[in-house]
Amino acid sequence: MRRALSHRHPVARAVAAALLAALTPAAAAAPAAAADIQLPTVTPVLPAGASCAKASTDKAEKQPWTRRPLGLSQAWKFSEGAGVTVAVVDTGVGTGIPALSGRVEAVGDAGEDCVGHGSFAAGLIAAAPGAGVGVAGLAPQARILAVRGTDTRGETTAGQLADGIRTAADRGAGVIYVGRAVATGKDELTAAVAHAAERGALVVAPVVPDTLPKDSNTGKPVQPAPWYWPASAPGVLSVMDYGPDGQRPQDAPRALNADLAAPGDAVVSVGPKGDGHYFGSGSSLAAAHVAGAAALVRARHPKMTAQDVARQLTVAGYPDDPPRLDPYAALTTLLTDKQGTAPRQAAAHVPAAAPSGPQNRALLIAGACGGLVLLVAGGAVVIPRGRARGWRPAGAPEAGHPAPASGGGL
């Protein structure tokens, strides 16, 4: 199979980056060279004349660099995705992949994957770790629902993707991974996402295509579109990729307005058949990692809504622009920034009115006492004066003193 994405990385560097555990995503230096193992490269679309992908005969025995930034060993202590179904709307998923054995259900002919891209993404989501192999998906106990969203060679339309999303939602998938980003079909794909939301499914999609298609006349990549679908539809968790050095490849399509970033450049996963491994790069593979993390959260918090799960993943992400996926933090963080209800004020207690009888008696007694005081005070003034006049009325002559005669003339 053609190593179609090798233009983003020389093969030796790409394989070394994929096979060797790296530092944290923010580390500036790329991993050192490793053993010279060349894995076949997965592509979203089979080139003209290329045959179907075959089982890989090579395995990545060392842990890929993605294991460390994703913190899988710690995350698996809390959830492995049991009880959650993740739909893979892509090129199909091989039903005979050992790492997914017994956990793949296919709709129609989606159990055959000629391209290998859907199988690769399903492995990033849910592949079980094997003995002596470092490759594993984020949710190794989740189930995969394979839904065809392309033709057998990987070409797709907005209508095929919309039908795939609706089918996945109607089949009860809790998480719907869409492996494509298309520049047309806004209304059709927005309606399909709304249909999935009504059934409680979270849709995860790449914010841009893995590679830009080429102009048939010039042979050069077409100009990027300002928006891609279904990633731009309301309610979709849109994802972009980064590599082992924490950066995106220089020639990767420009990604704007992504909700999350996740490992997607130089990653390793399963092929459509057998137990060998493939190598790949692109935002679609980063979205597969996020879909696996969503399955972990849904399994640990089954009462969360789809939007609660999306919020848990983004708010708990490593702070960057956009935030970087941190499954362990998403599983263990208790978000407290939701607006709480205002405390209810206790009702004021007004005591019952006192009976008026005692108050009236008290006023009567006080009035009587006041009157008695005034009477005594008045007596203290009047009695001495009355004694001094011999109790004569005012203006009467004293005894032995006749009243003066009134004046008058003859």
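Observations, loosely collected:
- Fraction of accessible area attributable to carbon and sulfur, the range 63-120 (%, probe 1.4 Å): 44 percent
- GluC sites (Glu not before Pro) lying in DSSP loop within the range 78-179, provided at most 15 other Cβ fall within 10 Å: E155
- Largest to smallest in accessible area, the residues V222, V133 fall in the order V222, V133 (1.4 Å probe, all protein chains included).
- Nearest-10 value in Å² for the accessible area of F78, using the 1.4 Å probe: 80 Å²
- Accessible surface, the range 73-174, averaged per residue in Å² (probe 1.4 Å): 33 Å²
- Residues whose amide H falls under 5 Å from that of V203, counting only those 5 or more places apart or on a different chain, are I176, L237, with hydrogens built in the peptide plane.
- In this structure, the residue pairs whose Cα-Cα separation is over 24 Å, taken from K62/K273; K273/K303; K77/K303; K186/K214, are K273/K303.
- Per residue solvent-accessible surface (Å²) - the range 260-331, probe of 1.4 Å: 28 Å²
- Radius of gyration and maximum dimension Dmax of the range 217-272, Cα, Å: 13.7, 37
- From phi via Karplus (6.51, -1.76, 1.60), per-residue ³J(HN,Hα) for the range 291-308 in Hz, x at Gly/Pro: 4, x, 5, 4, 5, 4, 5, 5, 5, 6, 10, x, 8, 5, 6, 4, 6, 4
- The range 132-232, accessible surface, carbon-and-sulfur percent (1.4 angstrom probe): 49 percent
- Scattering curve values for the range 202-336, log₁₀ I(q)/I(0), Debye with Cα scatterers, q = 0.20, 0.21 Å⁻¹: -1.17, -1.24
- Rough spin-label spacing in nm, given labels placed 7 Å along Cα→Cβ, for D109 and F78: 4.3 nm
- Shape call, the range 138-198: gyration tensor on alpha carbons, a/c limit 1.5: oblate
- Three-way shape label, the range 69-147, alpha-carbon gyration tensor, a/c 1.5: prolate
- Applying the criteria of a DSSP loop state and at most 15 other Cβ atoms within 10 Å to the trypsin sites (Lys or Arg not before Pro) of the range 62-159 yields K77, R153.
- Solvent-accessible area of the range 270-331 (1.4 angstrom probe, protein heavy atoms only): carbon and sulfur portion equals 50 percent.
- Cα gyration tensor of the range 89-237 - equivalent ellipsoid semi-axes, whole Å, descending: 26, 19, 14
- The calculated FRET efficiency for the pair Q223 and D187, based on their C-beta separation and a Förster distance of 22 Å, comes to about 0.50.
- Equivalent ellipsoid semi-axes - Cα gyration tensor, the range 242-288, angstrom: 23, 11, 9
- Global geometry of the range 253-333, whether rounded, prolate or oblate, following the gyration tensor of its Cα atoms and the 1.5 cut on a/c: oblate
- Alpha carbon centroid spacing (whole Å) that separates the range 219-273 from the range 36-111: 18 Å
The values are calculated or read from the model by the stated rules, or taken from the named source; none is laboratory data. None of these values were measured; they are calculated from a predicted model. In this analysis, Cβ positions are derived from the backbone assuming ideal geometry, glycine residues included, and neighbour counts consider all displayed protein chains. Keep in mind that these areas ignore ligands, DNA and RNA; they rest on the heavy atoms of the full protein, side chains included. Shrake-Rupley method; radii C 1.70, N 1.55, O 1.52, S 1.80 Å.
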